[in-house]
Amino acid sequence: MSEFKPQIFSGIQPTGNLHLGNYLGALRKFVALQEQMDCIYCVVDMHSLTAQLVHEDLKEQTRAITAAYLASGIDPVKHIVFNQSKVREHAELAWVFNCVARVGWMNRMTQFKDKAGKDRENASLGLLAYPSLMAADILLYRATHVPVGDDQKQHLELTRDIAMKFNLDFEGKIRNSGTGIDITVGDQPVHAFFPMVEPLIEGPAPRVMSLKDGTKKMSKSDPSDLSRINLTDDADTVARKIRKAKTDPDALPSEIEGLKGRAEADNLVGIFAALSDRAKADVLAEFGGQQFSQFKPALADLAVSVLAPITEEMRRLNDDPGHIDAVLKDGGERAGVIAEKTMKDVHEIVGLL
């Protein structure tokens, strides 16, 4: 073959309720990408152990993320939906990559620094090695593209570094095994087994901020439930949270320039724009000069119209855990076929008997 088969891989951790930011920034994009190439969407339950080992409801959270995938419109028949721990090769390839990656690479990961805080010596080894497992998640399927947000770009660069080092370290064995292809990285020709995965950024990513503080991202971990719109919130709750969202006393501007220095106004306009598939400038052309007392009800109606069908379907699916488990079992078996083939080739290349 002259090039790697186009393949998308992405995953979400089963920790906390998914919210509007997850939907606009990830799930809606996942659905759209199904029309472009083959997709593998994973619930990365093994990753959830890195920050917190003991969970009371990990199985339920895994099912809830799966329900959100399906309710948003991901097709588990045409594509693959599964949970990471169903396919043991994720952990096996991660160990090989632990031996490929350098400690210095891991220590430079900003997300490790942020999550470990000042007490880095007490952080789990899993938290430090988490990007290596992420690289294994992607490269186990020899994925070529990953939809990423700003917080994962560094990890994707590390995935490329790991792939490149593996390809170079074992280039002769890859060639002898007949499993690789010739690619060019920069000006360097390489006979590669793993692709140099590319970030997939579809237009300007909506950055959804907290409803209580427009300078902070909407987060599952924020102690205030009023800071986010959960995908499980009913219509009345969505409307109440938007009504209580922090704003300022000024009217909405008619032009984008007028949003500078007004984080909360910018956030609500951005949410309206993302939900309606419009530009912020178009939203301001319609609502410029109006007070938030007029804008918020329109935003609430829009949010409910978009999210209510997803919420209703998620509830239906969550009431049928057997169906969700069957989807994950089927997806795990199909993913496992690909993963087994990759690891068989890795064994041959590395020399594992």
Taking segment 141-174, which residues are part of a loop (DSSP other than H, G, I, E, B), over 22 Å from Tyr23 (Cβ atoms) and not aliphatic (A, V, I, L, M)?
-> Tyr141, Arg142, Thr144, Phe170
Looking at (1) farther than 22 Å from Ala101 by Cβ; (2) surrounded by fewer than 20 Cβ atoms within 10 Å (Cβ to Cβ), which is the one condition that is false for Val190?
-> (1)
Out of all the residues in segment 317-332, is one or more within 30 Å of Met218 (Cα to Cα), of a type in the set (Asp, Glu), modelled with pLDDT of 95 or more and in contact with a strand residue (DSSP E or B) (Cβ under 9 Å, 6 or more places away or on another chain)?
-> no
Scan segment 279-296 for residues that are touching a residue at least 40 places away in the same chain (Cβ under 8 Å) and assigned to a helix (DSSP H, G or I) and report the count.
-> 3
Tally the residues that are at pLDDT 95 or above and among the polar types (S, T, N, Q), restricting the search to segment 133-171.
-> 3
Take Ala51 and decide whether it is part of a helix (DSSP H, G or I) and either touching a Gly at 6+ places or on another chain (Cβ under 9 Å) or surrounded by fewer than 20 Cβ atoms within 10 Å (Cβ to Cβ) (or both).
-> no
Expected output for segment 301-313 (first residue among the charged types (D, E, K, R), partner buried (at least 20 other Cβ atoms within 10 Å of the Cβ), Cβ below 6 Å, 6+ apart or cross-chain) is Glu313/Ala71
Where Ile65 falls short, out of the listed (1) of a type in the set (A, V, I, L, M, F, W, C); (2) touching a helix residue (DSSP H, G or I) at 6+ places or on another chain (Cβ under 7 Å); (3) within 22 Å of Lys217 (Cα to Cα) = (2)
Could you list, in sequence order, the residues of segment 67-91 that are touching an Asp or Glu at 6+ places or on another chain (Cβ under 9 Å) and either assigned to a helix (DSSP H, G or I) or assigned by TED's automatic domain parsing to the domain that holds Glu313 (or both)?
-> Ala67, Leu70, Ala71, Ser72, Gln84, Ser85, Lys86, Glu89, His90
Name the pairs: first residue in segment 143-162 and more than 16 Å from Val100 (Cβ to Cβ), second residue among the small types (Gly, Ala, Ser) and part of a helix (DSSP H, G or I), Cβ to Cβ under 6 Å, at least 6 apart or on different chains?
-> Gly149/Gly25
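Identify, from the list Ala308, Ala274, Ala339, the residue that is at pLDDT below 95, part of a helix (DSSP H, G or I) and either out of contact with any strand residue (DSSP E or B) (no Cβ under 8 Å at 6 or more places or on another chain) or on the phi < 0 side of the Ramachandran plot (or both).
Ala274
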Of (1) surrounded by fewer than 20 Cβ atoms within 10 Å (Cβ to Cβ); (2) within 22 Å of Arg142 (Cβ to Cβ); (3) touching a residue at least 40 places away in the same chain (Cβ under 8 Å), His90 satisfies all except one. Which?
-> (1)
Which numbered condition Phe9 fails, given (1) part of a helix (DSSP H, G or I); (2) within 20 Å of Leu140 (Cα to Cα) | (1)
Look at segment 112-140 and say how many of its residues are assigned to a loop (DSSP other than H, G, I, E, B) and surrounded by fewer than 20 Cβ atoms within 10 Å (Cβ to Cβ).
-> 5
From Ala326, Ala335, Ala308, Ala300, residue being farther than 30 Å from Thr237 by Cβ and surrounded by 14 or more Cβ atoms within 10 Å (Cβ to Cβ) | Ala335
Could you say whether any residue in segment 237-256 is modelled with pLDDT of 95 or more and within 30 Å of Glu89 (Cα to Cα)?
-> no
Can you tell which of Ala245, Ala281 is crowded, with 18+ Cβ neighbours inside 10 Å and either more than 25 Å from the chain's Cα centre (by Cα) or not assigned by TED's automatic domain parsing to the domain that holds Cys42 (or both)?
-> Ala245
Condition broken by Ile201, with the remaining ones in (1) more than 17 Å from the chain's Cα centre (by Cα); (2) modelled with pLDDT under 95 satisfied | (1)
Do the conditions hold for Pro223, that is, is it surrounded by fewer than 19 Cβ atoms within 10 Å (Cβ to Cβ), assigned to a strand (DSSP E or B) and either of a type in the set (Phe, Trp, Tyr) or under 23 Å from the mean Cα position of the chain (by Cα) (or both)?
-> no
Among residues of segment 159-174, those that are surrounded by 14 or more Cβ atoms within 10 Å (Cβ to Cβ) and farther than 25 Å from Tyr130 by Cβ, counted | 3
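The values are calculated or read from the model by the stated rules, or taken from the named source; none is laboratory data. Small disclaimer: the values here were computed from a predicted structure and weren't measured. No Cβ is skipped: glycine too gets one built from the backbone with ideal geometry, and neighbour counts run over all protein chains shown.
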